[in-house]
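Everything on this sheet refers to the single structure shown next.
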Amino acid sequence: MIWKRAVTLQALNAMSDGNMVGLLDIQFTRIGEDELEATMPVDSRTHQPFGLLHGGASVVLAETLGSVAGYLCTEGEQKVVGLEVNANHIRSVRSGRVRGVCRALHTGGRHQVWQIDIFDEQQRLCCSSRLTTAVV
């Protein structure tokens with residue numbers, strides 16, 4: 001297991017109150033041995049003007065997953081901040097919920113790199129994102 005902090009899904013979801021994560025109804029759904037998963041609705045909150053999932057909303061899901069995963073890999077007063085995020089939008093989504101799966105590519109003492117893949121309800125890849133964080 002890569003996580004250094006003990007946490008529950010309930011505690012992760014409670015952190016969403018009063019910020020963008022809660023506003024977009026991002027829900028953490030699984031803490032695996034080396035993966036973190038969350039879902040997000042595809043609805044009026046996350047649509048772009050043409051009725052498709054907004055690429056920026058996908059990036060919010062990706063950065064949320066990577067940042068929280070990064071925090072779970074730290075100890076004590078350490079925190080993580082995002083340095084760079086990119087996303088390749090592969091498939092459009094009109095409705096339902098998307099699921100983000102976050103895996104570590106590198107968890108160093110000063111920097112981390114996270115791969116976040118976002119899938120539609122048919123388990124098709126919709127977005128592939130990478131987040132680099134700094135440990136502060």
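Figures for the structure shown
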read-out	value
Where a residue in the range 60-79 is aromatic (Phe, Trp, Tyr) and its partner, wherever it lies, is at pLDDT 95 or above and outside any helix (DSSP H, G or I), with Cβ under 6 Å and at least six apart	71/80
Residue in the range 27-35 that is free of Cβ contacts under 8 Å to residues at least 24 places away in the same chain and acidic (Asp, Glu) present	no
The listed residue being in contact with a Gly (Cβ under 6 Å, 6 or more places away or on another chain) and under 18 Å from residue 102 (Cα atoms), out of 61, 9	61
Of residues in the range 68-120 being within 16 Å of residue 30 (Cβ to Cβ) and of a type in the set (D, E, K, R), the one surrounded by the most Cβ atoms within 10 Å (Cβ to Cβ)	99
Condition met for residue 98 (in a strand (DSSP E or B), touching a residue at least 40 places away in the same chain (Cβ under 8 Å) and within 14 Å of the chain's Cα centre (by Cα))	yes
Some residue of the range 35-51 being more than 12 Å from the chain's Cα centre (by Cα), under 21 Å from residue 115 (Cβ atoms) and surrounded by 12 or more Cβ atoms within 10 Å (Cβ to Cβ)	no
Filtered residues of the range 8-32 (kept if of a type in the set (Val, Ile, Thr) and exposed (fewer than 12 other Cβ atoms within 10 Å of the Cβ))	8
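Condition check ((1) in a loop (DSSP other than H, G, I, E, B); (2) in contact with a helix residue (DSSP H, G or I) (Cβ under 6 Å, 6 or more places away or on another chain)) across all residues:
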position	(1), (2)
33	yes, no
36	no, yes
41	no, no
64	no, yes
67	no, no
78	yes, no
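The values are calculated or read from the model by the stated rules, or taken from the named source; none is laboratory data. Predicted model only: the values in this text are computed from it and were never measured. Cβ: placed from backbone, ideal geometry, glycine included. Neighbour counts: every protein chain shown.
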